[in-house]
Amino acid sequence: MATVEVSNVSKKYASTWAVSQANLVIPEGSFFSLLGPSGSGKTTLLRLIAGFLRPDSGVIKIGGAVVNDVPPHRRDIGMVFQQYALFPHRTVLDNVAFGLEMRGCGKAERFERARQALEMVQMAGRENAYPKELSGGQQQRVAIARSVAVRPAVWLLDEPLSALDRKLRVEMQSELRSLQRQLGVTTIYVTHDQEEALSMSDAIAIFRDGCIAQQGTARDLYEQPANAFVADFLGSANLLEGIFTKSTAGMCVEIEGVHLPVASNQPFAIGDKIRLAVRPERLEFAELSSAKGWGLPAVVESITYLGSDSRFVLRTRRGTRLVARAASRSHLGSGGLTEGSEINVSWKPEETAIVAQ
Ligand code: ADP
């Protein structure tokens, strides 16, 4: 187990900064995801940590020691790639034992450890098979066994489940997470799948154009996104444009001419242009005629029944489109809202995030 520290790390390819001034501290034993759209620099950073690439500037430390000049095989890492990268002419057992052989481990011990690793990924009994005789999911299990057989201090996984079908992917997510807990190994996991990152990670760094847009726990990022990109990338968010201002009731935000309360301690000055991010499930709405208190007037444009809940598309008077989700029973059926209903939209100020425009 080891802490991984990345300080001001940058990497350029030709004219593109693939990673720019990245700073991360990944605590010992934690499961940390690098999440972001394709081309945002996740794999480049993982390869820098693995040692397959050298940073143009900055420092990478593993277990407190600077590793910038240390080659990959001396970094005490185990790595899993998207495409399993198994040797086709070696058996499953030989594939898993390979890393141990490279580290000078004797024959009896390496086969013993390879067998243990295969057991951990439910592949005991397939030691003598060749990769082509296995399904994609089984091949990835072998690749996972190979990466943990060396008992690395740091486990690096680059989109390891993206080639698998959805059902298998979800199963493997929980298996990987319990294997990680069992081993207690510091883990860095690259994915572009928000749900995967949210469900597996202790903490997440969100990448955008080579920069880290925000890092924190899944809850921090979802509840308090630092900017509009994070709010929209992680789950979906309604972004309402407004001006930070003051009314007789205190600090507020003016949206479409209406003064709406905000949670306290906002780092904005009067007159700042801001965006209010509200999750679809956090919007509250009631028929305009029965609404009490503040809110934005809007019209229900469409209602889509999705079983346990329904999706509402709302349009404010100035034409802003909002998406809301609410339990089906509270709004459908006799006396409920219908398309065209005039409503009042509100939210709990503490359940919103204000981001700069
Ligand atoms: P991600 O893993 O988030 O999809 P990458 O780290 O693979 O992103 O890529 C980040 C950026 O660096 C992209 O603009 C990509 O085109 C560029 N890039 C990645 N690898 C190379 C390479 N070997 N040569 C040139 N450009 C590259």
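The values are calculated or read from the model by the stated rules, or taken from the named source; none is laboratory data. This structure is a prediction, so every number in the text was calculated from the model and none was measured. Here the Cβ positions follow ideal geometry from the backbone for every residue, glycine too, while neighbour counts run over all protein chains shown.
There is no residue in region 100-111 that is in contact (Cβ under 8 Å) with a residue 60 or more places away in the chain and touching a helix residue (DSSP H, G or I) at 6+ places or on another chain (Cβ under 8 Å).
In region 21-58, how many are under 19 Å from the mean Cα position of the chain (by Cα) and among the small types (Gly, Ala, Ser)? Residues meeting the conditions: 9. If you filter region 35-59 down to residues that are β-branched (Val, Ile, Thr) and near the ligand (Cβ under 9 Å from one of its atoms), you find that the one that is nearest to LYS11 (Cα to Cα) is THR44. Among residues of region 46-75 that are in contact (Cβ under 8 Å) with a residue 12 or more places away in the chain, those with a Cβ under 9 angstrom from a residue that is in a helix (DSSP H, G or I) and away from the ligand (no atom under 16 Å from the Cβ), sequence gap 6+ or separate chain, pair up as ALA50/PRO72; GLY51/PRO72; GLY51/HIS73; GLY51/ARG74; PHE52/PRO72; VAL67/ARG74; HIS73/GLY99; HIS73/MET102. Residue check: THR16 meets all listed conditions (1) away from the ligand (no atom under 12 Å from the Cβ); (2) more than 30 Å from TYR130 (Cα to Cα); (3) more than 23 Å from the chain's Cα centre (by Cα); (4) in contact (Cβ under 8 Å) with a residue 60 or more places away in the chain but one, namely (1).
Kindly establish whether PHE285 is under 30 Å from GLN266 (Cβ atoms), surrounded by 12 or more Cβ atoms within 10 Å (Cβ to Cβ), aromatic (Phe, Trp, Tyr) and under 27 Å from the mean Cα position of the chain (by Cα). When the stated conditions are applied, PHE285 does not pass them. When region 319-338 is filtered for residues that are more than 21 Å from SER289 (Cβ to Cβ) and modelled with pLDDT of 90 or more, the ones remaining, listed by number, are GLY319, THR320, ARG321, VAL323, ARG325. Can you tell which of PHE87, PHE32 is in the same structural domain as TRP155 (by TED's automatic domain parsing), more than 9 Å from the ligand (Cβ to nearest atom) and under 28 Å from LEU134 (Cβ atoms)? Answer to the selection: PHE87.
Does LEU118 satisfy the criteria of being in the same structural domain as PRO72 (by TED's automatic domain parsing) and in contact with a Phe, Trp or Tyr (Cβ under 6 Å, 6 or more places away or on another chain)? Here the answer is no, as LEU118 does not meet what is asked.
Within region 191-212, no residue that is outside the structural domain of PRO160 (by TED's automatic domain parsing) sits with its Cβ atom under 6 Å from a residue that is at pLDDT below 95 and part of a helix (DSSP H, G or I) at 6+ positions apart or across chains. Just one of (1) at pLDDT below 95; (2) part of a helix (DSSP H, G or I); (3) of a type outside the set (Phe, Trp, Tyr) trips up ALA143, so point out which. The one condition ALA143 does not meet is (1).
Inspect region 57-70 for any residue being touching a Phe, Trp or Tyr at 6+ places or on another chain (Cβ under 6 Å), in the same structural domain as ALA153 (by TED's automatic domain parsing) and surrounded by 18 or more Cβ atoms within 10 Å (Cβ to Cβ) and give the result as yes or no. No, because not a single residue in region 57-70 is touching a Phe, Trp or Tyr at 6+ places or on another chain (Cβ under 6 Å), in the same structural domain as ALA153 (by TED's automatic domain parsing) and surrounded by 18 or more Cβ atoms within 10 Å (Cβ to Cβ).
Conditions tested, residue by residue: (1) among the aromatic types (Phe, Trp, Tyr); (2) surrounded by fewer than 20 Cβ atoms within 10 Å (Cβ to Cβ); (3) assigned by TED's automatic domain parsing to the domain that holds ARG75; (4) at pLDDT 95 or above.
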{"residue": "GLU101", "(1), (2), (3), (4)": "no, yes, yes, no"}
{"residue": "ASN128", "(1), (2), (3), (4)": "no, yes, yes, yes"}
{"residue": "ARG151", "(1), (2), (3), (4)": "no, yes, yes, no"}
{"residue": "VAL154", "(1), (2), (3), (4)": "no, no, yes, yes"}
{"residue": "ALA163", "(1), (2), (3), (4)": "no, yes, yes, no"}
{"residue": "SER174", "(1), (2), (3), (4)": "no, yes, yes, no"}
{"residue": "ILE188", "(1), (2), (3), (4)": "no, no, yes, yes"}
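Being over 30 Å from GLU5 (Cα atoms) and under 29 Å from the mean Cα position of the chain (by Cα) narrows it down to one residue among GLN180, GLN139; which is it?
GLN139
So, GLY78, is that one farther than 18 Å from ILE144 by Cα, in contact (Cβ under 8 Å) with a residue 40 or more places away in the chain and more than 14 Å from the ligand (Cβ to nearest atom) or not? When the stated conditions are applied, GLY78 does not pass them. In the condition set (1) without any contact (Cβ under 8 Å) to a residue 60 or more places away in the chain; (2) under 27 Å from GLN116 (Cα atoms); (3) not aromatic (Phe, Trp, Tyr), SER162 is compliant with all but (1).
For region 1-115, list the strands (runs of 3 or more DSSP E) that sit wholly inside it and hold at least 3 residues that are of a type outside the set (A, V, I, L, M); which are they?
Of the strands (runs of 3 or more DSSP E) lying wholly inside region 1-115, those with at least 3 residues that are of a type outside the set (A, V, I, L, M) span 4-13, 16-26, 31-35, 57-62.
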